[in-house]
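This report refers to the structure that appears directly beneath it.
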Amino acid sequence: MRMSNWMKKIKKQLRSRKRSISLAAFLLLLGVSWSGSGGSAMAEPAYTEPGPVGTQALEEIARDDLARQAVLRRIYVCGEETIALGSLTRRELLEYAARHPAYVPALQPDGTAVFTETVQDLSPDCKLNAFFGIDADGNLSLFSGLPEEKRVIRTFFQLNVEDVLSSLPREAWDQLHSGIPVRDLEEYNSVLSTFSDFAAGA
């Protein structure tokens with residue numbers, strides 16, 4: 001059975017029980033952050049040290065007639081990637097910022113200029129390697145690779161296992177253990193929305 005058909009089947013069962021929960025409201029209650037999940041692949045963010053950000057960073061760039069190393073950091077709903085832009089002069093840095101007003105500029109302590117773009121999509125690596133599954137503590141989690149490899153990217157919420165087993169086809173439970181691939185943002189949101197109905201305490 002194709003993933004989209006499988007998800008539709010589960011959603012139909014949930015609607016018949018009138019247990020639908022707004023994903024947006026649910027995530028707000030849990031305080032789940034959508035601000036990226038890490039690393040040039042799917043690890044921790046590469047640039048976390050404090051430094052001038054936004055207008056302050058541009059003002060510092062404009063003051064100093066320096067060539068700086070520059071990088072573009074793309075933060076996705078799942079995943080992150082970093083692209084080296086090379087050594088740019090003051091003028092080139094300011095022109096780059098002007099061409100991309102949605103990018104947030106920042107300066108690292110070593111002087112590197114980092115331009116951060118937020119992308120409402122999955123990173124290319126996530127599209128290839130991310131799987132939803134259940135961890136050893138019964139939490140719905142996102143893994144880099146299959147769940148059996150235990151490389152958790154993000155944990156969302158604990159599942160009410162008894163409720164899942166009594167409400168969904170056994171196939172759904174088996175799929176959670178073997179890994180549910182997410183190849184695009186629609187599938188990602190669909191899996192989260194479906195299993196949010198089975199969060200412990202929901």
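The values are calculated or read from the model by the stated rules, or taken from the named source; none is laboratory data. Predicted model, so just to flag it, every value in this text is computed and none were measured. Virtual Cβ from ideal backbone geometry, glycine too; neighbours counted across all protein chains shown. Accessible surface is based on the protein model in full, side chains and every heavy atom, while ligands, DNA and RNA are left aside. Shrake-Rupley method; radii C 1.70, N 1.55, O 1.52, S 1.80 Å.
Exactly one condition in (1) in a helix (DSSP H, G or I); (2) buried (at least 20 other Cβ atoms within 10 Å of the Cβ); (3) modelled with pLDDT under 90 is not met by W173; state its number.
With respect to (1) in a helix (DSSP H, G or I); (2) buried (at least 20 other Cβ atoms within 10 Å of the Cβ); (3) modelled with pLDDT under 90, W173 is out only on (2).
Considering only residues that are assigned to a strand (DSSP E or B) and open to solvent by 30 Å² or more (accessible area, probe 1.4 Å), which ones fall in region 155-165?
Result: T155, Q158.
D121 passes all but one of (1) part of a strand (DSSP E or B); (2) exposed (fewer than 14 other Cβ atoms within 10 Å of the Cβ); which number fails?
(2)
Would you mind telling me which numbered condition in (1) touching a Pro at 6+ places or on another chain (Cβ under 6 Å); (2) surrounded by fewer than 22 Cβ atoms within 10 Å (Cβ to Cβ) K150 fails?
All conditions pass for K150, except number (1).
Identify the single condition in (1) within 21 Å of S193 (Cβ to Cβ); (2) in contact with a strand residue (DSSP E or B) (Cβ under 7 Å, 6 or more places away or on another chain); (3) open to solvent by 20 Å² or more (accessible area, probe 1.4 Å); (4) among the hydroxyl-bearing types (S, T, Y) that S141 does not satisfy, given that it satisfies every other one.
Every condition holds for S141 apart from (3).
Rundown of residues vs (1) in a loop (DSSP other than H, G, I, E, B); (2) open to solvent by less than 80 Å² (accessible area, probe 1.4 Å); (3) at pLDDT 90 or above; (4) among the charged types (D, E, K, R), yes/no style:
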| residue | (1), (2), (3), (4) |
| --- | --- |
| A25 | no, yes, no, no |
| L29 | no, no, no, no |
| A43 | yes, yes, no, no |
| E59 | no, no, yes, yes |
| A70 | no, yes, yes, no |
| S87 | no, yes, yes, no |
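Name every residue in region 99-134 that is among the hydroxyl-bearing types (S, T, Y) and farther than 22 Å from E186 by Cβ, in order of residue number.
Y103, T112, T116
Which of the residues spanning region 164-182 are touching a helix residue (DSSP H, G or I) at 6+ places or on another chain (Cβ under 9 Å) and without any contact (Cβ under 8 Å) to a residue 60 or more places away in the chain?
Answer for region 164-182, where residues must be touching a helix residue (DSSP H, G or I) at 6+ places or on another chain (Cβ under 9 Å) and without any contact (Cβ under 8 Å) to a residue 60 or more places away in the chain: V164, L165, W173, L176, H177, S178, G179.
Those residues that are of a type in the set (A, V, I, L, M, F, W, C), within 17 Å of D125 (Cα to Cα) and either part of a helix (DSSP H, G or I) or touching a Lys or Arg at 6+ places or on another chain (Cβ under 9 Å) (or both), I need them from region 176-190; list them, please.
Across region 176-190, the qualifying residues are V182, L185.
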